[in-house]
Amino acid sequence: MNGMYLSFADETGFLGAVFLHEQDIVSAVKEAWRLGINPGGEVMGLGPGPMPPEEWVGRLLTREQIEEFDRIMLAEEDGSPKPLTDGLSDD
């Protein structure tokens, strides 16, 4: 099943990210609010696209958890996809 990746940030920097089983950004943001995992700020959405394993879905992930996810996913890939943490800053 495909879904969405949402990344949240405000003027202080990265606030968290989520993977959700939704097919568009509006539905994904509403679901994040419903689940209580929308930390506020501005949101960027990617997808719909392939979903990660269920342990990564439906919860607010920290920068460290997203970096761990990138390491795991890159280790499983033959190519070199762009990590989700590329371009994140605390500015």
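Brief remarks follow.
- Filter result for Q23 (out of contact with any Asp or Glu (no Cβ under 6 Å at 6 or more places or on another chain), polar (S, T, N, Q) and outside any helix (DSSP H, G or I)): yes
- I25 falls short on exactly one of the conditions (1) within 26 Å of L74 (Cα to Cα); (2) surrounded by 19 or more Cβ atoms within 10 Å (Cβ to Cβ); (3) of a type in the set (V, I, T), and that condition is (2).
- Condition broken by A9, with the remaining ones in (1) under 10 Å from the mean Cα position of the chain (by Cα); (2) in a strand (DSSP E or B) satisfied: (1)
- Comparison of G49, G40 shows that the only residue that is exposed (fewer than 12 other Cβ atoms within 10 Å of the Cβ) and in a strand (DSSP E or B) is G49.
- Where a residue in the range 50-66 is within 15 Å of P39 (Cβ to Cβ) and its partner, wherever it lies, is loosely packed, with under 14 Cβ neighbours inside 10 Å and among the aliphatic types (A, V, I, L, M), with Cβ under 7 Å and at least six apart: G58/L35
- Evaluating D10 against the criteria (1) among the acidic types (D, E); (2) touching a Pro at 6+ places or on another chain (Cβ under 9 Å); (3) at pLDDT below 95 leaves one unmet condition, (3).
- Among the residues of the range 1-12, those identified as out of contact with any helix residue (DSSP H, G or I) (no Cβ under 9 Å at 6 or more places or on another chain) and either under 15 Å from E54 (Cβ atoms) or surrounded by 12 or more Cβ atoms within 10 Å (Cβ to Cβ) (or both) are M1, N2, A9.
- Selected residue (criterion: modelled with the lowest pLDDT) from residues of the range 54-91 that are under 13 Å from the mean Cα position of the chain (by Cα) and among the β-branched types (V, I, T): T85
The values are calculated or read from the model by the stated rules, or taken from the named source; none is laboratory data. All of these numbers come straight from a predicted model, not from anything done at the bench. Please note: Cβ atoms are built from the backbone with ideal geometry, for glycine as well, and neighbour counts cover all protein chains shown.
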